[in-house]
Amino acid sequence: MSFTTPPRPFDIAALFPQLAPLARTATRLHPRPGSPTVHDSSVGGPLLWPADEPWPYCDEPHDRHASQTVHSPDDVRLLRRDLAAAEERLRLDPEAPEVTPEERENWERIKVGRPWFDGPIPLLPVAQLYARDAPFPCPHDADLLQVLWCPFDHAEDPHPRTALFWRSAATVIDVLDAPPEPPVIQSAHYLPEPCLFAPEQVTEYPHPGELDKELRDQLDDSSRWETIDPARYRTYAYDPGELYLGNLSTAPGWKTGGWTSWEATDPADRSCPECGTEEVPLLTIASSEWDGISHSWIAEEDPANPAPPPLGAQDGNFTLIDIVGGCNLQLHACPADPSHPHIELVP
């Protein structure tokens with residue numbers, strides 16, 4: 001299925017010509033539940049991983065105090081299936097039992113949790129992206145990006161720690177059939193629900209924090225927006241700052257490229273740890289596809305889609321990933337050499 005972002009409410013570059021040279025192309029990925037294969041760009045799907053390449057592990061200490069209960073990935077999958085089955089059962093028959101004896105038995109067992117595990121943790125597949133589906137900075141000999149993470153918080157990073165792997169898809173002949181899984185994960189929100197991508201290119205402009213003060217002041221000046229009908233203006237925002245931030249600058253959701261979305265912090269240094277070049281947005285791992293001020297970005301096909309969303313998919317959170325209570329994990333890569341260490345930001 002393809003997805004179409006509605007045209008922006010206003011032509012911001014016509015109102016503020018200084019923004020025109022700052023336009024960047026981003027690719028919204030629109031993850032939706034599916035059954036990906038190793039040959040698909042996906043979230044939480046199987047990876048095109050060489051059978052003779054060791055699977056990566058995290059052997060660093062994990063923040064044991066960040067979670068009182070841990071579960072196995074299979075426990076989380078079973079719970080999701082049971083909850084989805086119960087929801088569908090009640091949708092079809094409001095008089096049906098809210099929970100079956102088998103579901104109750106599963107839930108009581110899962111609620112107890114699993115023993116903590118202190119050994120090395122196999123990384124979990126998060127995303128796989130083929131260059132044919134979305135442009136992104138990659139080494140000259142690579143056309144495939146694979147993102148994995150450790151499904152635990154670390155003392156200095158209250159979110160999963162990522163690892164990037166670049167490869168040429170054509171060189172992978174024998175594919176690893178059954179990669180190892182972690183015995184436990186710290187949060188169900190760190191286990192992605194399998195989704196397929198439906199890439200779509202859009203135009204972005206910088207977050208207000210990236211603009212110089214003169215341009216920020218102009219954007220905040222209500223008189224500069226007088227050419228817009230007030231009724232249309234108020235449809236999207238209460239003030240100019242909200243109008244620009246939520247509807248005209250950076251797109252919400254999973255995406256590659258574009259501009260960094262600063263949510264709760266001021267712009268931070270993004271210098272490559274190896275060469276000093278300013279790193280650029282590579283992949284945004286989002287906790288939602290839209291929020292309270294970005295409804296204008298909801299794809300035209302979403303409101304018309306009669307299929308019920310997956311359980312827990314508020315605000316279009318189809319992957320069921322949640323980063324630090326609804327934030328985004330934004331990965332940045334060095335444009336001079338994407339194989340240099342990447343930067344993780346939860347801005």
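The values are calculated or read from the model by the stated rules, or taken from the named source; none is laboratory data. Model, not experiment: these values are computed from the prediction. Cβ sites come from the backbone with ideal geometry, for glycine too, and all protein chains shown count toward neighbours. Each accessible area value is taken on the protein alone, full model and side chains, heavy atoms only, with ligands, DNA and RNA left out. Shrake-Rupley method; radii C 1.70, N 1.55, O 1.52, S 1.80 Å.
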Give the residues of the stretch 87-116 that are in a helix (DSSP H, G or I) and under 14 Å from V76 (Cα atoms), sorted by residue number.
E103, N106, W107, E108, R109, I110, K111, V112
In the stretch 7-29, anything open to solvent by less than 60 Å² (accessible area, probe 1.4 Å), within 14 Å of H207 (Cα to Cα) and in contact with a strand residue (DSSP E or B) (Cβ under 6 Å, 6 or more places away or on another chain) is listed as A23, A26
For the stretch 167-195, give me the residue count where each residue is open to solvent by 60 Å² or more (accessible area, probe 1.4 Å) and either touching a Ser or Thr at 6+ places or on another chain (Cβ under 9 Å) or not in a helix (DSSP H, G or I) (or both).
6
Kindly evaluate D40 against the criterion of being out of contact with any helix residue (DSSP H, G or I) (no Cβ under 8 Å at 6 or more places or on another chain), within 20 Å of L148 (Cβ to Cβ) and buried (at least 16 other Cβ atoms within 10 Å of the Cβ).
yes
So, in the stretch 51-94, how many residues would count as being under 25 Å from the mean Cα position of the chain (by Cα), within 29 Å of Y130 (Cβ to Cβ), open to solvent by less than 60 Å² (accessible area, probe 1.4 Å) and not aliphatic (A, V, I, L, M)?
5
Spot the failing condition for L219; the list is (1) out of contact with any Ser or Thr (no Cβ under 8 Å at 6 or more places or on another chain); (2) under 19 Å from W290 (Cβ atoms), and only one is missed.
(2)
Is at least one residue of the stretch 24-40 more than 20 Å from the chain's Cα centre (by Cα) and hydrophobic (A, V, I, L, M, F, W, C)?
no
Counting only residues that are of a type in the set (D, E, K, R) and under 14 Å from E344 (Cα atoms), how many does the stretch 262-276 have?
2
I need the full set of residues from the stretch 116-166 which are touching a Gly at 6+ places or on another chain (Cβ under 9 Å) and either among the aromatic types (F, W, Y) or surrounded by fewer than 17 Cβ atoms within 10 Å (Cβ to Cβ) (or both), in order please.
P135, F136
